[in-house]
């Protein structure tokens, strides 16, 4: 079995673009080249990865198994290229919800001033480590601790206040600030993958009535705006995601939320330490 990166690129392009013609346009090659490359890939694997009809192209069962692995290989190759590159150029920062929150612009401006020719590019990802696992970013802003036994290193850069998010017409929105006790009897929207809220914040005797699992900040905000429940989040969300129908209020007795930067342990890009230091300074000066 022998296959090359060009085989994987062609395969992923056909899946993403939907046709051999559009894949050829995306790859800037001829349609015949794409067809030959896919044929060579399937011959190498000894199995079909795509089934073709007159109107569409779809994945075979083998293709469905190979696709996520092909994506990961291509992402890792891109990560290797970035790791070997100089700090000049784009430095990609992953985040799930709020990046650096109200500090985002300050961090961007100081980075640009300190490293001429380099720019911070923020990439939103709903994965657990905000795009690191797929090689989409160089570092990630995370608000959940990174286990020591993973392939990532992390550094604590600061803390943020927690805020409640409530429907704008809810009685809680009339108060200037709230307490954790105000959540008792309520349904709390929780993102199990990237969110920062757990039931450990409440005692068993004074806890929300229920939790509702959502995926991503848009679904979380939509649930609250519709009056179906409330939420608890970091102040970064308040800064980055104002939403009609949703009111944010500080929660007086909620513990502050730690914020980390995480990066690949064995392939940290040049400039990572400088960004960690800068973020610590900005959070510390707030």
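The values are calculated or read from the model by the stated rules, or taken from the named source; none is laboratory data. Because the structure is a prediction, the values reported are computed rather than measured. Don't worry about glycine lacking a Cβ; one is built from the backbone with ideal geometry, like all the others, and counts go over all protein chains shown.
What's the total number of residues in the stretch 114-129 that are under 30 Å from residue 195 (Cα atoms) and either outside the structural domain of residue 153 (by TED's automatic domain parsing) or not in a strand (DSSP E or B) (or both)?
Residues flagged as under 30 Å from residue 195 (Cα atoms) and either outside the structural domain of residue 153 (by TED's automatic domain parsing) or not in a strand (DSSP E or B) (or both) within the stretch 114-129 amount to 5.
Which fully enclosed strands (runs of 3 or more DSSP E) of the stretch 145-253 have 3 or more residues being in contact (Cβ under 8 Å) with a residue 60 or more places away in the chain?
152-160, 162-167, 231-234, 246-250
What about residue 29, is it in contact (Cβ under 8 Å) with a residue 60 or more places away in the chain, farther than 23 Å from residue 277 by Cβ and not assigned by TED's automatic domain parsing to the domain that holds residue 272?
Values: in contact (Cβ under 8 Å) with a residue 60 or more places away in the chain: no; farther than 23 Å from residue 277 by Cβ: yes; not assigned by TED's automatic domain parsing to the domain that holds residue 272: yes.
The answer is no for residue 29.
Which number in (1) in the same structural domain as residue 117 (by TED's automatic domain parsing); (2) crowded, with 19+ Cβ neighbours inside 10 Å; (3) out of contact with any helix residue (DSSP H, G or I) (no Cβ under 6 Å at 6 or more places or on another chain) marks the one condition that residue 269 misses?
Just one mismatch for residue 269, condition (3).
Only one of (1) over 18 Å from the mean Cα position of the chain (by Cα); (2) under 21 Å from residue 214 (Cα atoms); (3) crowded, with 16+ Cβ neighbours inside 10 Å fails for residue 244. Which number is that?
Evaluating residue 244 over (1) over 18 Å from the mean Cα position of the chain (by Cα); (2) under 21 Å from residue 214 (Cα atoms); (3) crowded, with 16+ Cβ neighbours inside 10 Å leaves (3) as the failure.
Would you be able to tell me the number of residues in the stretch 227-241 that are surrounded by fewer than 19 Cβ atoms within 10 Å (Cβ to Cβ) and within 16 Å of residue 173 (Cβ to Cβ)?
Total meeting the criteria: 2.
For the stretch 38-64, which positions are within 32 Å of the chain's Cα centre (by Cα) and either surrounded by 14 or more Cβ atoms within 10 Å (Cβ to Cβ) or closer than 19 Å to residue 5 by Cβ (or both)?
Answer for the stretch 38-64, where residues must be within 32 Å of the chain's Cα centre (by Cα) and either surrounded by 14 or more Cβ atoms within 10 Å (Cβ to Cβ) or closer than 19 Å to residue 5 by Cβ (or both): 38, 41, 49, 50, 57, 59, 60, 62, 63.
Inspect the stretch 42-54 for any residue being under 29 Å from residue 271 (Cβ atoms) and in a loop (DSSP other than H, G, I, E, B) and give the result as yes or no.
Checking the stretch 42-54: not a single residue is under 29 Å from residue 271 (Cβ atoms) and in a loop (DSSP other than H, G, I, E, B).
With the condition kept exactly as written, say whether any residue in the stretch 10-22 is under 31 Å from the mean Cα position of the chain (by Cα), assigned to a strand (DSSP E or B) and either over 25 Å from residue 133 (Cα atoms) or in the same structural domain as residue 136 (by TED's automatic domain parsing) (or both).
No, there is no match, as no residue in the stretch 10-22 is under 31 Å from the mean Cα position of the chain (by Cα), assigned to a strand (DSSP E or B) and either over 25 Å from residue 133 (Cα atoms) or in the same structural domain as residue 136 (by TED's automatic domain parsing) (or both).
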